[in-house]
Amino acid sequence: QVQLVESGGGLVQPGESLVLSCAGSGIDFRFAVVGWHRQAPGKQREFVARITGAGSTGYPDSMKGRFTISTDSAKNTVYLQIHSLNAEDTGVYYCEASYGPDEYWGQGTQVTVDT
């Protein structure tokens, strides 16, 4: 059974940085495409970043610069580093893994940016 478990969210102040983790079990991230998505309150879920098993990364234009996705194959974990957090970054961050025709989602981790 495939499980994706996100962690690292919490309450942070504007301007701080944060690292979110997505640990996978039942799936080998070396052969998957793993992505991060987020959903702000009252808004649709949006794509943030993705990384392939070979380490190739992709970001939408709106996310370039402050978001960095990386992977640790030994830990089967994908990370999302967010710099210079602001209130618009508040939301639930979800990890998603695509393996062939199958797609899996984690339960999400809440990030709240507030003073």
Using a simple spin-label model with points 7 Å from Cα along the Cα→Cβ vector, what separation in nm is obtained for Q110 and Q3?
2.2 nm
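Under a point-charge model restricted to the Cβ atoms of Lys and Arg (+1) and Asp and Glu (-1), what is the dipole moment magnitude of the range 5-111 relative to its Cα centre, in debye to the nearest 20? Show your work: numbers first, answer last.
Working: 8 positive and 11 negative charges, 22 e Å.
Taking the Cα centre of the range 5-111 as origin, the dipole is about 100 debye.
With a 1.4 Å probe and all protein chains left in place, how much of the accessible area of the range 72-115 comes from carbon and sulfur atoms, in whole percent? Don't skip to the answer; put the middle values down first.
Values: 1010 of 2250 Å².
The C+S portion of the solvent-accessible surface of the range 72-115 is 45 percent.
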Hz values of 3J(HN,Hα) by residue in the range 91-99 - Karplus curve (6.51, -1.76, 1.60), Gly and Pro given as x
x, 9, 9, 10, 9, 9, 10, 10, 9
In Å and on Cα atoms, what radius of gyration and Dmax does the range 64-115 show?
13.2, 42
Could you give me the ³J(HN,Hα) list for the range 53-59, computed from phi with Karplus coefficients 6.51, -1.76, 1.60 and θ = phi - 60°, whole Hz, x at Gly and Pro?
x, 7, x, 6, 10, x, 9
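Using a 10 Å cut-off on Cβ atoms, rank the peptides 22-34, 64-76 from the highest mean neighbour count down.
22-34, 64-76
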May I ask for the Kirkwood hydrodynamic radius of the range 1-111, worked out over all distinct Cα pairs and given in angstroms to one decimal?
13.9 Å
Would you mind working out the accessible area per residue for the chain, using a 1.4 Å probe, and quoting it in Å²?
54 Å²
How far, in nm, would the chain grow between R66 and A87 when pulled straight, counting 0.36 nm per residue and subtracting the alpha carbon separation?
6.2 nm
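Given a 1.4 angstrom probe, I'd like the percentage of the accessible area of the range 1-42 that is carbon and sulfur, rounded to a whole number. Intermediate values should be presented prior to the final figure.
Values: 1080 of 2140 Å².
On the range 1-42, the fraction of accessible area on carbon and sulfur atoms equals 50 percent.
The values are calculated or read from the model by the stated rules, or taken from the named source; none is laboratory data. Predicted model, so just to flag it, every value in this text is computed and none were measured. Counting neighbours? That spans all protein chains shown, and the Cβs are built from the backbone with ideal geometry, glycine included. Ligands, DNA and RNA are stripped out before the accessible areas are found, and what is left, the full protein with its side chains, is counted by its heavy atoms. Shrake-Rupley method; radii C 1.70, N 1.55, O 1.52, S 1.80 Å.
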